[in-house]
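Report on one structure; see the data block that follows.
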Amino acid sequence: MSVMKPAILVCRRVFPEVLERLREHFEVEGNDADVVWSRDELIAHLQGKAGVFVTGTQPVDSGLLDACPTLRAVCSMAVGYNNIDVAACTARGVLVSNAPDVLTETTADFGFALMMAAARRISESEHFLRRGEWTKWSVDLFAGADVHGATLGVLGMGRIGQAIARRGARGFAMPVLYHNRSRLDAAVEAELGARYVSKEALLAESDHLVIVVPYSAESHHLVGAAELRRMKAAATLTNIARGGIVDDAALARALREGTIAAAGLDVFEGEPAVYPDLLTLPNVVLTPHIASASLPTRKAMAQLAADNLIAALDARPGAKPPPTPLNPEVLARKV
Ligand code: DGY
């Protein structure tokens, strides 16, 4: 007797091997055209679905959940989950998962690269060369700031912040300062070679500040005009966390006026739109939210979301729990 497979929706185009794996377990509706659906379109596609594979960009809130009463699992291939109202999911018995760990080192590599590109003026000088403006060697041509030995500031010392701190301390002999909601254990601080300081001290003392805090109401515009004024004029700021943590308008002003020297931004408030002034400034390196985008890591993120979805909708007694749930209390209630 054939058993009906649960129906799921995969919101964006994903790797064929991930879709294939999901098809072994589910009736899968995909989105091979990679259309960015409106909220109403998403709700329409979700009708009758037991699970949904999302990325970090589809908002899942109480209104959407109420409009999609068959939904039992929301599994994201992103580590950041500010697009999902986890409490609303929990209240309705909907399991939520994200994709931590698998992207940590890749994202830290990129954060470091972006910080170095800003400090050493890599994009700015490349554009100059491509425009055909390089006619002679000069003693101070695109002279920037050193990274090795400079003070690295990490705002948000979770897994990715720690991986960045390790790179700075061990690879580049950087004194590392950090600020976080909670202080790390002394043993972890020692292993990382990182010193806890207040947010004010972090801003004032860092030569290169890297922002890796999750986005929430509390972290909205955590770095604005007042914070930028506390930073050194020669400092750089790198944001690989989420748009909206930095006030992009204030940052553009600070970069234009020389309040700080340079910035590296992978995330933007209201992305994919970018605050227009940033596009006109030479001293900011801009990338389209690709910090986790190495091919092996993006595949691992997608496979982890698939693992979570398969386990979350596995109704067999004794089935393995999803590997990275955000609201495991939903699973406990089902037992
Ligand atoms: C994440 O995983 O949160 C990355 O920012 C990609 O969305």
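Simple point charges give the picture: +1 on the Cβ of Lys and Arg, -1 on the Cβ of Asp and Glu, and for segment 1-143 a dipole about the Cα centre of about 80 debye. Positive-end ranking of 11, 174, 139 along the dipole of the chain, with charges on Cβ about the Cα centre, is headed by 174. Positive end of the dipole of the chain, charges at C-beta (+1 Lys, Arg; -1 Asp, Glu), about the Cα centre: which of 273, 317, 263 has its Cα farthest in that direction? Looking along the dipole axis, the top candidate is 317. Considering the options 87, 115, 102, tell which one lies farthest towards the positive end of the dipole of segment 76-129, charges being +1 on Lys and Arg and -1 on Asp and Glu at the Cβ, about the Cα centre. Farthest along the dipole direction, towards plus: 87.
How much FRET efficiency would the formula 1/(1 + (r/R0)^6) give for residue 17 and residue 316, where r is the Cβ-Cβ distance and R0 is 25 Å, rounded to 0.05? Computed FRET efficiency for residue 17 and residue 316: 0.55. Rounded to the nearest 10 degrees, the angle from helix 248-257 to the longest Cα principal axis of the chain is 10 degrees.
If you plug the beta carbon distance of residue 131 and residue 233 into 1/(1 + (r/R0)^6) with R0 = 25 Å, you get a FRET efficiency near 0.40. Solvent-accessible surface (1.4 Å probe) assigned to residue 146 amounts to roughly 90 Å². For the chain, carbon and sulfur atoms together expose 56% of the accessible surface, with a 1.4 angstrom probe and every protein chain in place. Hey, which lysines would be in cross-link range of residue 49, C-alpha to C-alpha under 18 Å, not counting anything within fewer than 8 residues on its own chain? The qualifying lysines are 5. For residue 96, the residues whose modelled amide H falls within less than 5 Å of its own, excluding neighbours fewer than 5 places apart on the same chain, are 74, 326, 327.
The magnitude of the dipole of segment 247-300, with charges of +1 and -1 set on the Cβ of Lys/Arg and Asp/Glu and taken from the Cα centre, is near 280 debye. Restricting the GluC sites (Glu not before Pro) of segment 84-178 to loop positions (DSSP other than H, G, I, E, B) with no more than 12 neighbouring Cβ atoms within 10 Å leaves 133. Only Lys, Arg, Asp and Glu carry charge here, each on its Cβ (+1 for the first two, -1 for the last two); on that basis the chain has a dipole of about 460 debye about its Cα centre.
The values are calculated or read from the model by the stated rules, or taken from the named source; none is laboratory data. Every value quoted in this text rests on a predicted model; they were computed, and no experiment measured them. Note: ideal-geometry Cβ built from the backbone for every residue, glycine included; neighbour counts use all protein chains shown. Surface areas here come from the heavy atoms of the whole protein model, side chains and all, with no ligands, DNA or RNA. Shrake-Rupley method; radii C 1.70, N 1.55, O 1.52, S 1.80 Å.
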